[in-house]
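Structure, as structure tokens:
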Amino acid sequence: MRVKVLVIGAGIIGAACARSLARRGVDVTVLDRGPAVGATSAAGEGNLLVSDKAPGAELTLATYSLDLWRSLAGTIAEEIGEAFASIEFDAKGGLVVATSDEESEGLTRFADAQRRAGVQARPLDVDEALALEPGLAPSITSAVYYPQDAQVQPAIAAEALLASARAAGARVMVETRVTGPRRDASGRLTGVATSRGDVVADHVVVAAGPWSGELATLLGGTLDVGPRKGCLLVTSRMPHRIAHKVYDASYVGAVQSGDRDLQVATVIESTASGTVLIGSSRQDVGFDAGLDVAVLRAIAARAVRLMPLLGGASVMRAYCGFRPFSRDHLPVIGPDRDVAGLWYATGHEGAGIGLAPGTAELVTALLLGEPTAITAEPFSSRRPSLVGTA
Ligand SMILES: Cc1cc2nc3c(=O)[nH]c(=O)nc-3n(C[C@H](O)[C@H](O)[C@H](O)COP(=O)(O)OP(=O)(O)OC[C@H]3O[C@@H](n4cnc5c(N)ncnc54)[C@H](O)[C@@H]3O)c2cc1C
């Protein structure tokens, strides 16, 4: 089989890349060793956040992506038909809550810096925060409201992007595992070997989530992206609707941290169906998918401290996934350092749902040799913070 661009991985990143490329008329195929959207993109929350991003390249990509999500939410039904399930885009806004004076000071400093970078971040006193979210513990010390934060149902959103890619002409091959490279005499990647035969391609884009590092190695490239485990609880439907996405101020520290030990920070959000998602943990334990009751208990205990009404909730299920972790907390978007024909769209860690549309536009522009809407340089595989790490 011969194609122009082969995207490896049919998660939200691969789906978004295939959609953008196909809509530009590029001959693109996306393949996955499992079913489509069967891995990380179906195992997380669907937060589209600017609130947890410090000023810098990731915040720029998040803001760009959020604008794209907003317009996508308005057009996706036209692209794939009204009968397709809703992606549940909800521009509900985020509320970040401090629970000590020390946390309040840190949160105020962080929000001040974000405001200088153009983020809408409104400081609230305790009464104002409780008026927005009456279920919060009265013992909180302060909060910041982020009206730009939004949410989607991540698995449906990824399926919708894939459906849109198909509608624009992309092919999707599932149950097809990449097993090795195909190269020409100069060393340029000319495609891949798969469990169903060779696929010849001008360009190969690795969008394989937490497996991207091992896949890059298989194809002769250099990429330090691996798994960072995260677990969530889901309650049964609750009568009390939590109107905003609520999280504690320590979440930002956990997101930015490279610590390999267990970290738990509270993230709470109601879904369209009335269940409540309660996250989340961060742990460097390789691809160990087991549920650890002590971790789930820690997630629940923190959440109840922040929102006591959750103490009466019953947990319907719990699950874990693997965030695609990049050592310097920035995704890798663009060509491999050395291997011609090999590209990356990966390493988004806990923000891949939010960052998917912007990533896809960057990949498309770079592959077509066009100017990018935001600078792609910070996401280069050649950036100094990555060279020497793999
Ligand atoms: C608990 C948790 C909560 C999260 N919450 C959020 C959130 O609120 N907001 C947010 O933006 N992000 C969140 N994330 C992160 C987000 O889910 C990920 O960043 C995103 O899903 C990554 O998508 P992906 O397409 O890169 O990877 P994946 O969805 O994992 O897709 C990669 C695909 O590559 C395929 N693959 C791997 N190896 C091969 C091979 N050899 N051959 C063929 N195919 C292969 C896999 O089968 C898989 O389908 C969360 C993650 C977790 C775990």
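The values are calculated or read from the model by the stated rules, or taken from the named source; none is laboratory data. The shown structure was predicted, so the numbers you read here are calculated from the model rather than taken from an experiment. Here the Cβ is made from the backbone with ideal geometry for all residues, glycine too, and neighbour counts use every protein chain on show. With ligands, DNA and RNA removed, areas are computed over all heavy atoms of the protein, side chains included. Shrake-Rupley method; radii C 1.70, N 1.55, O 1.52, S 1.80 Å.
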Practice task
Choose one of 134, 119, 197: the residue whose Cα lies farthest towards the positive end of the charge dipole of region 104-244 (beta-carbon charges +1 Lys, Arg; -1 Asp, Glu; about the Cα centre).
Solution key: 197
Exercise for the section: Using a cut-off of 9 Å between beta-carbons, work out the net charge of the residues near residue 47 (Lys and Arg +1, Asp and Glu -1, residue 47 not included). Expected result: -3
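Under 1.5 on a/c is rounded, so check that first for region 1-46, then, if it is not, pick prolate when a/b is larger than b/c and oblate when it is not; a ≥ b ≥ c are the square roots of the alpha carbon gyration tensor eigenvalues. List each step's numbers first, then the result.
On the way: a/c = 4.13, a/b = 1.67, b/c = 2.47.
Oblate shape, in that a/c is at least 1.5 and b/c is the bigger or equal ratio.
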Fill in the blank from the handout: Extend 7 Å from the Cα of residue 177 along its Cα-to-C-beta direction; within region 21-51, residues with backbone N under 12 Å of that point are 33-34
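What is the magnitude of the charge dipole of region 70-153 about its Cα centre, with +1 placed on the Cβ of each Lys and Arg, -1 on the Cβ of each Asp and Glu, and no other charges, expressed in debye to the nearest 20? Let's see the in-between values first.
Details: 6 positive and 15 negative charges, 58 e Å.
Once rounded to the nearest 20, the dipole reads 280 debye.
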Practice task
Kindly express, to the nearest 10 degrees and within the range 0 to 90, the angle between helix 154-167's C-alpha long axis and the longest C-alpha principal axis of the chain.
Solution key: 30 degrees
Exercise for the section: Once you have the Cα-Cα distance between residue 193 and residue 261, take 0.36 nm times their residue separation minus that, and quote the gain in nm to one decimal. Expected result: 20.8 nm
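Could you tell me what a quarter of the Cα convex hull surface of region 80-147 works out to, in nm² with one decimal place? Working shown, then result.
Numbers: hull surface 25.8 nm².
Quarter of the Cα hull surface area: 6.4 nm².
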Exercise for the section: Heavy atoms only, probe 1.4 Å: what % of the accessible area of the chain goes to carbon and sulfur, would you let me know? Expected result: 52 percent
Practice task
Would you give the gap between the C-alpha center of region 157-205 and the C-alpha center of region 105-140, rounded to a whole Å?
Solution key: 45 Å
Exercise for the section: Note down the Stokes-Einstein diffusion coefficient of region 1-100 in µm²/s, whole number, using a Kirkwood radius over alpha carbon pairs, 10 °C, and 1.306 mPa s. Expected result: 99 µm²/s
Handout entry: Built amide H within the under 5 Å cut-off of residue 319, gap 5+
Key = 232
Problem - Cysteines without a disulfide-compatible neighbour (Cβ-Cβ under 4.7 Å), the chain - result: 17
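Could you estimate the translational diffusion coefficient of the chain from the Stokes-Einstein equation, with Rh from the Kirkwood formula over C-alpha pairs, at 10 °C and 1.306 mPa s, in whole µm²/s?
Working: Rh = 21.2 Å.
Using the Kirkwood radius from Cα pairs, D works out to 75 µm²/s.
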Practice task
Calculate one ³J(HN,Hα) per residue across region 339-353 by plugging θ = phi - 60° into the Karplus curve 6.51 cos²θ - 1.76 cosθ + 1.60, and present them in order as whole Hz with x for glycine and proline.
Solution key: 8, 5, x, 9, 10, 10, 9, 6, x, 7, 6, x, 9, x, 5
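Hey, what did the chain get for relative contact order, percent, Cα under 8 Å, at least 6 apart?
Details: 913 pairs, mean separation 89.8, N = 390.
Normalised by residue count, the contact order of the chain is 23 percent.
Could you work out the local net charge near residue 271, counting Lys and Arg as +1, Asp and Glu as -1, over the other residues with Cβ closer than 14 Å to its Cβ? All intermediate terms of the calculation are to be shown ahead of the outcome.
Values: positive: 92, 237, 241, 245, 317; negative: 45, 88, 90, 269.
Here the count lands on +1.
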Problem - Accessible surface, region 192-334, averaged per residue in Å² (probe 1.4 Å) - result: 37 Å²
Completion exercise
With a Förster distance of 41 angstrom and the Cβ-Cβ distance between residue 116 and residue 83, calculated FRET efficiency to the nearest 0.05 equals 0.35
Practice task
If a/c stays under 1.5 just call it rounded; otherwise compare a/b with b/c (prolate if a/b is bigger, oblate if not). Do that for region 117-237, with a ≥ b ≥ c from the square roots of the Cα gyration tensor eigenvalues.
Solution key: prolate
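Counting only Cα atoms, I'd like the Rg/Rh figure for region 279-337, Kirkwood definition for Rh. Don't skip to the end; give the middle numbers.
Details: Rg = 15.9 Å, Rh = 14.2 Å.
Looking at region 279-337, the ratio lands at 1.12.
Given +1 on the Cβ of Lys and Arg, -1 on the Cβ of Asp and Glu, and no further charges, what dipole in debye does region 136-288 carry about its Cα centre, rounded to the nearest 20? Could the numbers behind the result be given before it?
Working: 14 positive and 14 negative charges, 75 e Å.
With Lys and Arg at +1 and Asp and Glu at -1, about 360 debye.
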Completion exercise
The summed charge of the residue 241 Cβ neighbourhood (under 13 Å; Lys/Arg +1, Asp/Glu -1) stands at 0
Handout entry: In sequence order, calculated HN-Hα J values of region 115-120 (Karplus, 6.51, -1.76, 1.60; Hz; x Gly/Pro)
Key = 4, 5, 8, x, 7, 7
Fill in the blank from the handout: Measuring from its Cα centre, region 144-224 shows a charge dipole (+1 at each Lys and Arg Cβ, -1 at each Asp and Glu Cβ) which, in debye to the nearest 20, is 300 debye
Exercise for the section: Calculate, axis by axis, the spread of Cα positions in region 52-98 along the three principal axes, and write the results as whole Å, longest axis first. Expected result: 41, 25, 11
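What whole-number volume per residue, in cubic angstrom, does the convex hull of the C-alpha atoms of region 243-389 give?
Values: hull volume 22.4 nm³, N = 147.
In region 243-389, the Cα convex hull volume per residue is 152 Å³.
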Problem - Using θ = phi - 60° and Karplus 6.51 cos²θ - 1.76 cosθ + 1.60, couplings along region 284-297 (whole Hz; Gly, Pro as x) - result: 9, 10, x, 9, 6, 8, x, 8, 9, 4, 5, 5, 4, 5
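Kirkwood hydrodynamic radius of region 317-390 from all distinct Cα pairs, in Å?
Working: mean 1/r = 0.0760 Å⁻¹.
So the Kirkwood estimate lands at 13.2 Å.
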Problem - For residue 7, residues with placed amide H under 5 Å, excluding near neighbours - result: 29, 30, 31, 205
Fill in the blank from the handout: At the level of C-alpha centres, the distance separating region 277-318 and region 1-73, in angstrom, is 27 Å
